[in-house]
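What follows is a short report on a single structure.
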Amino acid sequence: MKSLPVLVITIVVSACATQPMPPSAQSVGESQKSVPAVSQCIAQTWANQSQQQVVSQVILANNQAMDVYVPGQRPPDGAAALVRPSWTGNSKTWVGFRPGTGGGSNAGGAVGGCL
């Protein structure tokens, strides 16, 4: 009986990791790099370009999915790069860009170098 709760938890986590692109996101591309590597690259690039703090938010445990907010933007509605496991099987990571409700600029183009 103890294995049933573990099975349910595994199914829920797997379902979250394979969800399609969020409706408000624009697809930027896919990468063979891991989610943490792509997220770190995006955060570092934006921090270096803007000389401002960049906020990263873990969406799934163990850095399996992350949101990296554009400098000056904050969770939950700020403009952000969405870094998720790829559900196509052609790559490890999918990256999208969600424009913010607070008037964040479209910094999606700056993400391309991290793919």
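Calculate, for Thr88 and Gln44, the FRET efficiency according to 1/(1 + (r/R0)^6) with r their C-beta to C-beta distance and R0 25 Å; round to the nearest 0.05. Write out the running numbers ahead of the final one.
Numbers: r = 26 Å, r/R0 = 1.04.
For R0 = 25 Å, the calculated efficiency reads 0.45.
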Exercise for the section: Could you please report the charge total around Ser91, scoring K, R as +1 and D, E as -1 over all other residues with beta-carbon less than 14 angstrom from its beta-carbon? Expected result: +2
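Laboratory data are not the source of any read-out in this text; all were calculated from the coordinates shown. Keep in mind the model is a prediction, meaning the values are calculated, not measured. Using ideal geometry, Cβ is built from the backbone for each residue, glycine included, and neighbour counts are taken over all protein chains shown.
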